[in-house]
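A quick write-up on the structure given underneath.
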Amino acid sequence: MKLLSEYVGLNLWLLGISIVFFAYDGTITPVEGTILLFLVAVCIINLSKIMNYLFGVKNNP
């Protein structure tokens, strides 16, 4: 399950980077990009709590 947690965390970081690029090149508006990036940041910060809630995973080192 720790591997799943790392995989989800990596995908969230890649999603955040993609949102920044999409907002920069005009695919999405800067306002939409800011809102989406805020939501991704909240998920990254609370990843261990979310994984614990969904899968019962304790990600303690």
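Data overview
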{"quantity": "For the stretch 1-59: accessible area per residue (Å², 1.4 Å)", "calculated": "78"}
{"quantity": "Calculated log₁₀ intensity ratio I(q)/I(0) where the Debye formula runs over C-alpha points of the chain, q = 0.27 Å⁻¹", "calculated": "-1.03"}
{"quantity": "Accessible surface of the chain, 1.4 Å probe, proportion on carbon and sulfur as whole %", "calculated": "73"}
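The values are calculated or read from the model by the stated rules, or taken from the named source; none is laboratory data. From a predicted model like this one, the values you see are computed outputs, not experimental measurements. Calculation scope for accessible area: heavy atoms of the full protein, side chains included, ligands and nucleic acids excluded. Shrake-Rupley method; radii C 1.70, N 1.55, O 1.52, S 1.80 Å.
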